[in-house]
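Inspection log for the structure reproduced underneath, given as structure tokens.
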Amino acid sequence: MAIRLQNLTKKFGGQGAVDTVSFQVKQGELVGLLGPSGGGKSTILRMIAGLERPTGGDIFLNGQSVNNLPPQDRGVGMVFQHYALFKHMTVAENIAFGLEVRKSPKAAMKERVRELLALVGLEGLDNRYPHQLSGGQRQRVALARSLAPRPGILLLDEPFGAVDAKIRRELREWLRKLHDEMHMTSIFVTHDQEEALEVADRIVIINQGRVEQVGTPKEIYDHPETEFVANFVGPVNVLAAEVVEGKAQAGPLKIKAPGFQNGDRVNLVIRPGDVVLESAEEWEYGTGEVKRLVFLGDMVKADIETDSGHCLTAHLSRSNPDFDRLQAGDRVNIKVDMGRIFPRVLESGMDGWGI
Amino acid sequence: MATPSYQSKTAKFTMIGIVFLYFTVFIILPIGGMFAGAFAKGLPAFWRELTRPEAVHAISLTFIITAIVTVLNAVFGTVLAILLVRHHFPGAALLKGIVDLPFAVSPVIAGFMLILLYGPKGLLGVFFDAWGIKIVYALPGMILATLFVTLPFVVKEVSLVLQEIGTEQEQAATILGAGPWRTFWRITLPGIRWGLLYGITLTVARSLGEFGAVLVVSGNIINRTQTATMDIYQAYSDYNELGSYAVAALLAIISFAILFSLELIKKKKEAASNGN
């Protein structure tokens, strides 16, 4: 089922939670709503499910407006953040609930429950109660329960929020596989950018009730349209800069700034992975000193202070010859070709190793 | 930590001694005295007193009132709790305060309020009188009085559980296709069942033992509007101590049974909320 939101708005007691949100989800797509907590992501999800009534705007499922359709009639499945399993029912009874409501024949119901238990890898746990299961198992039961009536749309609210890190990674991969096998349209809410990048076909960045950007993980990461997106998705250096001769300049760093006037005050946003350090002898770029090195397994994080007094962080991958060689106190050549430029809204542009 | 010193052991046993003494003097001895009194002249005498026609009438009247009040409170208490916890409406805060009122008002005053309202000259009493319906000095008034003093039990217990279980399970049921009615029977009611049962048990206990409010509205007419507690008082006033002890012992036995089931329910309740 395809989903289209048009100027969707929700106010709680005069306070705006969701503000004219519009985006589309194609049939079969897996879309992640990403943004900070309290930004309105869950409210959007709950409006699609029919649990909240929009203050304004429209929701279309397969081209039909569902604004006045109760949740029962929307053909939507939902997995709640805290699972919301029926405590007084067994695993099998939980999964069968949606079928029982639809008055499925007993035999078909049993068969479907068995099928779903196998799908989520919980065979043999039919008669357990939710409190006898681990967090990951409860999550799977919640998923199986929501899938039982074969919904056209699956909504997941922070689906991995309440399980520990290792199980979370397993569940993510598993969810992606499941989605591909089931040919459903899915939307999940998360505040974890890594999760969104890994699982989603496309990401909708939501901040303070508004859509900041919609795009594939690569588009979002490489071409953030706002400083917020750049900051929220992936690590960044933010340097206060000024446009001089068509280039944003911060100390020795110069990045082309098309669309800006000379003299504009801007923020220069640079991914640590785009900072190239060279211990070469020719000082054609800006120079600086390595202040601190942090070993992070697959990479080394280097905090650099340029001779002009700017602070920035560089990431060195294992394949970089300097990975093992670099030492705190070393002088380095700093080369940056990639960076994004945003108008500086707040005068107190962050400038430092805030990563 | 070091092993408990000699002094702290003494202190501990002194404390335990005081607790036991307290319980003995204020609870165990009176109860023991009552049972001793009830069975002082043997089981046949006990039985004879218990089956006095006015005692039988009073006890059955108490049971009738208790049954009606419990059913009404269970139904309306649950509905009220759901309204107060789940729905926001103007005056909800006021209602929440009023729910506690019967705890604060003396039962005797509650009885008088009912007489003022439903009595022969009362605002509503005049109206009911015209239809030939007697409220005060009759069963309806006694039920109203008992309803008044027992109102908070079910509402409070069910409200607490409702708040604890939250709305996510109900929402999940709705999305899975269940209508409001099915969601209530299949999800909400099983969720609150132990709280509801606890509230019902408290209501039963209080209804059986209510004296003041019912005394005032009933007029205490023997064989007509006298309840078990009033019969106990009446028998005692008439120097029939054995009679009052016998009925009192019966009520006490029922209370113990209720207390015991209350403990069982509490354990179930705790187990249910632990099995989170």
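Calculate the dipole size of the range A:3-229 relative to its Cα centre from +1 charges on Lys and Arg beta carbons and -1 charges on Asp and Glu beta carbons; express the result in debye to the nearest 20.
920 debye
Karplus couplings for the range A:250-257 from phi (6.51 cos²θ - 1.76 cosθ + 1.60, θ = phi - 60°), rounded to Hz, Gly and Pro as x?
Residue by residue, the range A:250-257 yields 9, x, x, 8, 9, 10, 4, 10 Hz.
Please list, or write none, the lysines whose alpha carbon is within less than 22 Å of the alpha carbon of B:Lys121, excluding same-chain residues fewer than 8 places away.
Counting by Cα, and skipping residues close in sequence, B:Lys121 has these lysines nearby: B:Lys134.
Starting from the Cα of B:Lys266, draw a straight line to each of the lysines and keep only those under 17 Å, dropping any in the same chain fewer than 8 residues away.
B:Lys156
List the residues whose amide H sits under 5 Å from the amide H of A:Ile206, counting only those 5 or more places along or on another chain, with H placed 1.01 Å from N in the peptide plane.
The list, which skips near neighbours in sequence, is A:Leu34, A:Gly35, A:Glu212.
Amide H of A:Asn237: which non-local residues (sequence gap of 5 or more, or other chain) have their own amide H closer than 5 Å, using H built in the peptide plane?
A:Ile270, A:Arg271
Quick one: Karplus J couplings for the range A:210-215, per residue in order, coefficients 6.51, -1.76, 1.60, θ = phi - 60°, nearest Hz, x for Gly and Pro?
With the stated coefficients, the range A:210-215 comes to 10, 7, 8, 6, 10, x Hz.
With viscosity set to 0.692 mPa s and temperature to 37 °C, compute the Stokes-Einstein D of the range A:235-343, Rh being the Kirkwood radius across alpha carbon pairs; µm²/s, no decimals.
232 µm²/s
Considering every pair of different Cα atoms, what Kirkwood radius, in Å, is found for the range A:164-237? Present the calculation step by step, with values, prior to reporting the outcome.
Values: mean 1/r = 0.0755 Å⁻¹.
Here the Kirkwood hydrodynamic radius works out to 13.2 Å.
Which whole-Hz couplings ³J(HN,Hα) result when phi for each residue of the range A:238-245 is put into the Karplus expression 6.51 cos²θ - 1.76 cosθ + 1.60, θ = phi - 60°, listed in order with x for Gly and Pro?
With the stated coefficients, the range A:238-245 comes to 10, 10, 6, 9, 10, 7, 10, 6 Hz.
Out of residues 5 or more away from A:Val79 or on other chains, whose amide H comes under 5 Å of its own, with H placed 1.01 Å from N in the peptide plane?
HN-HN under 5 Å from A:Val79: A:Leu155, A:Leu156, A:Asp157.
Going by C-beta contacts inside 10 Å, put B:Thr167, A:Thr90 in order with the fewest on the left. Write down the numbers at each step before the final one.
On the way: B:Thr167 14, A:Thr90 17.
Ranking B:Thr167, A:Thr90 by Cβ neighbours within 10 Å, fewest first, gives B:Thr167, A:Thr90.
Counting other beta carbons within 10 Å of each residue's own, what order do A:Glu123, A:Glu289 fall into, fewest first?
Ranked by crowding around the Cβ, least crowded first: A:Glu123, A:Glu289.
Taking just the C-alpha trace of the protein assembly as shown, give me its Rg and Dmax in Å.
Expressed in Å, the Cα Rg and Dmax of the protein assembly as shown come to 36.1, 118.
Strictly greater than 22 Å: what percent of every Cα pair in the range B:46-188 meets that?
Counting pairs separated by more than 22 Å, the tail of P(r) holds 57 percent.
By a straight-distance test (C-alpha under 15 Å), which aspartates and glutamates pair with B:Lys269 as possible cross-link partners, with residues fewer than eight away in the same chain excluded?
Candidates past the 8-residue exclusion: B:Glu157, B:Glu164.
Please compute the average number of Cβ atoms from other chains found within 10 Å of each residue's Cβ in peptide A:126-132. Spell out each step's value before the answer.
Values: counts 0, 0, 0, 1, 2, 5, 1.
Across the residues of A:126-132, the mean count of other-chain Cβ atoms within 10 Å is 1.
Hey, any idea what the orientation-averaged projected area of the convex hull of chain A's Cα atoms comes to, in nm²? Can you show the working numbers first?
Values: hull surface 86.2 nm².
The Cα convex hull of chain A, projected and averaged over all directions, gives 21.6 nm².
Can you sort A:Ile153, A:Ile220 so the residue with the fewest Cβ neighbours within 10 Å comes first?
Lowest count first: A:Ile153, A:Ile220.
Just so you know, all these numbers are worked out from the coordinates, no wet-lab data involved. Worth saying up front: this structure is predicted, and the values here are computed from it rather than measured. Here Cβ is always computed from backbone atoms with ideal geometry, including for glycine, and neighbour counts include all displayed protein chains.
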